[in-house]
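Asker: There's a structure below that I have some questions on.
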Number of protein chains: 2
Amino acid sequence: MNTNAKQSYRLVGILGGMGPAATIDLMQKIIATTPAMRDQEHVPLVVWNVPQIPERVRAIEDPSAASPAPAMCAGAVALARAGAQAIAIACNTAHYWAEEIGAAAKIPLIHIVDAALDALPAKASGPPARVMLLATEGTHKAGIYTQRAAARGLSLEVPNAQVQRAINDCIRFTKANQLTEARAQLIIPLTQLRASGVDTFLLGCTELPLLVSGTPFQAQSLDATAALAAAVIDFSLGSVAHKSDKTIRNPHLGDKVA
Amino acid sequence: MNTNAKQSYRLVGILGGMGPAATIDLMQKIIATTPAMRDQEHVPLVVWNVPQIPERVRAIEDPSAASPAPAMCAGAVALARAGAQAIAIACNTAHYWAEEIGAAAKIPLIHIVDAALDALPAKASGPPARVMLLATEGTHKAGIYTQRAAARGLSLEVPNAQVQRAINDCIRFTKANQLTEARAQLIIPLTQLRASGVDTFLLGCTELPLLVSGTPFQAQSLDATAALAAAVIDFSLGSVAHKSDKTIRNPHLGDKVA
């Protein structure tokens, strides 16, 4: 008996390429978290992993720089045309343009910040947990996390300039496939922050979970990518209510498929 | 100076989902093999990772079973519509329908078997190298590798029934995310085959590289997925001549992008 034999799945579009390794990390987390015993029980995804997009952080910092919005909107439209019923963006910084992207695609956006804030552990008593946001300078400057957190009455701490420089170096090394060099940047600042009383590191850049994985900091980190993966699964499997009820129900799949 | 600043890239469509982990493995190998120092130098991919496709091996063995061809062709058409200029299929067995898929998409197919046979090491002297094909029963029965090898004057060995059963179990465990159990199936048969004089294991199922990676058999294995990744990069970067010369040249990317 396979209880999932009649399960329907919504197709989710992943707007990726920022960078490609972070896109794969999101896909991997979706697969690893899905309760599947065979191929057909995994979440259907269509992935736009096209990295030829102008730099996001630079565009936030310098209004005269090339905007990534047209390329991202084109990717979102391609995903919607391919049948995606919602879009998830595999890059925190790119959420600066989230409204524009969702409007271009004309389908709902599964927002990484909402997914991450939903996943923050609740603290039963005592002073509120100290949560430090680790992200790109662009994400900080644009207030991508802090604004949505404030709307929920949550306060997020941000690193000082010295720690932020180490985070910037980390992210750059990761995008160049230099994971060992990238990880080396993190150890001292995160150790100091932990000693100073930070409870949770909110990993608000999709490159950071690649680095923190397997380190002593993993246990007190909240991975926004993992939170987004869980939200994508919920949407696809239908446990998130949504006005659209079109689903992938392959006429060629049925009781004969084992 | 960045010599790649003016590089153009062809968009490649990946027909995946068979299974999803193998699709990610192909993407990962493309990224790891691409000489890139920043996001924008990675190969642009659009990925159809929709696993709701009837079982491929069953359809080859039993003509009355549901055919995966309509779902695969629909995926290929979606990739072509999204702008893909060639298709790579992240599943060896699915290449049984390669001609049908290519015809539906009306774009070239980068064939995994050709990529793998191109990558077989040449032997300078002595008797020909003994190459054993490890694959699904469907791939063996359909002659997906052996026919194309024979056309090149190459002979591939195939496992006996007992070893094939272990390979089948391996692949099933991998698709259920049970990598430890899957790997345990391989050790004795591959050790025996090596002792009997097999020079190279040709990993002709996209799940197998996930298992052989990090084992003593990796050094004498030829990974068809890695060969396909290299062929995808060659196509995208333009080192493979092709009549189509449409490329991704983002008007928003230029000297300003660092």
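Asker: Would you work out which of B:235, A:208, B:203 lies farthest towards the positive end of the dipole of the protein assembly as shown? Charges go on Cβ: Lys and Arg +1, Asp and Glu -1.
Answerer: B:235
Asker: For the protein assembly as shown, what does the helix formula give at 222 nm: sum of -39500 (n - 2.57) over DSSP H segments with n ≥ 4, over the residue count, nearest 500 deg cm²/dmol?
Answerer: That comes out to -13000 deg cm²/dmol.
Asker: Restricting to chain B, compute how many DSSP beta bridges are antiparallel as a %, nearest 5.
Answerer: Details: 1 of 19 bridges.
Taking every DSSP beta bridge with both residues in chain B, the antiparallel ones total about 5 percent.
Asker: Whole angstrom only: what separates the Cα centroid of segment A:35-75 from the Cα centroid of segment A:84-156?
Answerer: 16 Å
Asker: Assuming R0 = 25 Å, can you tell me the calculated FRET efficiency for the pair residue A:239 and residue A:154, based on Cβ-Cβ distance, to the nearest 0.05? If you can, show how the numbers build up before the last one.
Answerer: Numbers: r = 24 Å, r/R0 = 0.97.
It comes to 0.55.
Asker: Tell me which B residue has its C-beta closest to the axis rotating B onto A, and the distance in Å?
Answerer: B:47, 2
Asker: To continue, here is another question. Of the heavy-atom accessible surface of the protein assembly as shown (probe 1.4 angstrom), what whole percent is carbon and sulfur? Don't skip to the end; give the middle numbers.
Answerer: Values: 11920 of 21780 Å².
Taking all protein chains in place, the protein assembly as shown shows 55 percent carbon and sulfur surface.
Asker: How much accessible area per residue does the protein assembly as shown have, counting only protein heavy atoms and a probe of 1.4 Å, in square angstrom? Mind showing how you got there, number by number?
Answerer: Details: 21780 Å² over 516 residues.
Solvent-accessible surface per residue comes out at 42 Å².
Asker: Show me, for segment A:66-73, the HN-Hα J-couplings you get by feeding each phi into the Karplus relation (A = 6.51, B = -1.76, C = 1.60, θ = phi - 60°), rounded to Hz, glycine and proline as x.
Answerer: Rounded to whole hertz, the list is 4, 8, x, 4, x, 5, 5, 5.
Asker: Follow-up. Keeping all protein chains in place and using 1.4 angstrom, which order do B:87, B:188 fall into by accessible surface area, from largest down?
Answerer: Numbers: B:87 5, B:188 115 Å².
Putting B:87, B:188 in descending order of accessible area: B:188, B:87.
Asker: Step through the residues of segment B:95-106 one at a time and calculate ³J(HN,Hα) from phi using the Karplus curve (6.51 cos²θ - 1.76 cosθ + 1.60, θ = phi - 60°), rounding each to whole Hz and writing x for Gly and Pro.
Answerer: Per residue, the Karplus-derived 3J(HN,Hα) values read 5, 4, 9, 4, 5, 4, 5, x, 5, 5, 7, 6 Hz.
Asker: Using θ = phi - 60° and the Karplus form 6.51 cos²θ - 1.76 cosθ + 1.60, what ³J(HN,Hα) does each residue of segment B:45-61 get, whole Hz, x for Gly and Pro?
Answerer: Along segment B:45-61, the couplings run 10, 10, 10, 9, 10, 10, x, 6, 10, x, 4, 6, 4, 4, 5, 6, 6 Hz.
Asker: Counting only protein heavy atoms and rolling a 1.4 Å probe, how much accessible area do B and A lose on contact, total for both sides, in Å² to 100?
Answerer: So the total buried area for this chain pair works out to about 4200 Å².
Asker: Please list the non-local residues whose amide H lies under 5 Å from the amide H of residue A:202, H modeled 1.01 Å from N, same-chain partners needing a gap of 5 or more.
Answerer: So residue A:202 has HN proximity to A:132, A:133, A:134, A:222.
Asker: Still on this structure, please answer the following. How do B:179, B:26, A:156 stack up against each other in accessible area, from largest to smallest, with a 1.4 angstrom probe?
Answerer: Details: B:179 70, B:26 0, A:156 25 Å².
Highest to lowest solvent-accessible surface, that is B:179, A:156, B:26.
Asker: Note down the Stokes-Einstein diffusion coefficient of segment A:178-232 in µm²/s, whole number, using a Kirkwood radius over alpha carbon pairs, 20 °C, and 1.002 mPa s. Intermediate values should be presented prior to the final figure.
Answerer: Details: Rh = 11.7 Å.
Estimated diffusion coefficient is 182 µm²/s.
Asker: Take chain A, connect every pair of alpha-carbon atoms lying under 10 Å apart with a spring to form a Gaussian network, then pick out the residue of A:210, A:222, A:154 with the largest mean-square fluctuation.
Answerer: A:154
Asker: Let me ask something else. What does the charge add up to near residue A:25, with Lys and Arg as +1, Asp and Glu as -1, over the other residues with Cβ less than 11 Å from its Cβ? Before the final figure, lay out the partial values.
Answerer: Working: positive: A:29; negative: A:207, A:223.
Taking every Cβ under 11 Å from that of residue A:25, the sum is -1.
Asker: Out of every Cα-Cα pair in segment B:26-98, what percent are more than 22 Å apart?
Answerer: Tail of P(r) above 22 Å: 34 percent of Cα pairs.
Asker: While we're on this one: Relative contact order of segment A:91-214, please, whole-number percent, based on alpha carbon pairs below 8 angstrom and at least 6 residues apart. Walk me through the numbers on the way to the answer.
Answerer: Working: 121 pairs, mean separation 40.3, N = 124.
It rounds to 32 percent for segment A:91-214.
Asker: In Å³ and rounded to a whole number, note down the convex hull volume per residue for the Cα atoms of segment B:139-218. Working shown, then result.
Answerer: On the way: hull volume 7.8 nm³, N = 80.
For segment B:139-218, the hull spanned by Cα atoms encloses 98 Å³ per residue.
Asker: If you put +1 on each Lys and Arg Cβ and -1 on each Asp and Glu Cβ, how big is the dipole of the protein assembly as shown around its Cα centre, in Debye rounded to 20? Can you show the working numbers first?
Answerer: Working: 44 positive and 40 negative charges, 82 e Å.
With Lys and Arg at +1 and Asp and Glu at -1, about 400 debye.
Asker: Just how large is the dipole of segment B:1-130 about the Cα centre, in debye to the nearest 20, putting +1 at every Lys and Arg Cβ and -1 at every Asp and Glu Cβ?
Answerer: Working: 10 positive and 10 negative charges, 70 e Å.
In total the dipole reaches around 340 debye.
Asker: Placing +1 at every Lys and Arg Cβ and -1 at every Asp and Glu Cβ, with all other atoms neutral, what dipole size does chain B have around its Cα centre, in debye to the nearest 20?
Answerer: On the way: 22 positive and 20 negative charges, 81 e Å.
It comes to approximately 380 debye.
Asker: Reachable aspartates and glutamates from residue B:29, Cα under 20 Å, same-chain residues fewer than 8 places away excluded?
Answerer: A:25, A:207, B:39, B:41, B:114, B:118, B:207, B:223, B:234
Asker: Another question about this same structure. Share of antiparallel DSSP beta bridges in the protein assembly as shown, in percent to the nearest 5?
Answerer: Values: 7 of 43 bridges.
Around 15 percent antiparallel, to the nearest 5.
Asker: Once the convex hull of the C-alpha atoms of the protein assembly as shown is built, how many Å³ does it hold per residue, rounded to a whole number?
Answerer: Details: hull volume 87.8 nm³, N = 516.
Dividing the Cα hull volume of the protein assembly as shown by its residues yields 170 Å³.
Asker: In addition: Could you report the accessible area of residue B:67 in Å², rounded to 10, computed with a 1.4 Å probe on the protein chains as they sit in the structure?
Answerer: Here the residue's solvent-accessible area equals roughly 50 Å².
Asker: What Kirkwood radius, in Å to one decimal, follows from the Cα pairs of chain B? Before the final figure, lay out each step's value.
Answerer: On the way: mean 1/r = 0.0522 Å⁻¹.
With all distinct Cα pairs of chain B included, I get 19.2 Å.
Asker: In the protein assembly as shown, if the dipole is taken from +1 on Lys/Arg beta carbons and -1 on Asp/Glu beta carbons about the Cα centre, which of A:127, B:50, B:222 is farthest to the positive end?
Answerer: B:50
Asker: Same structure, new question: In Å and whole numbers, how far do the C-alpha atoms of segment B:92-174 stretch along each principal axis, longest first?
Answerer: 43, 35, 19
The values are calculated or read from the model by the stated rules, or taken from the named source; none is laboratory data. Remember, predicted model here, so these are calculated numbers, not experimental data. Virtual Cβ from ideal backbone geometry, glycine too; neighbours counted across all protein chains shown. Surface areas here come from the heavy atoms of the whole protein model, side chains and all, with no ligands, DNA or RNA. Shrake-Rupley method; radii C 1.70, N 1.55, O 1.52, S 1.80 Å.
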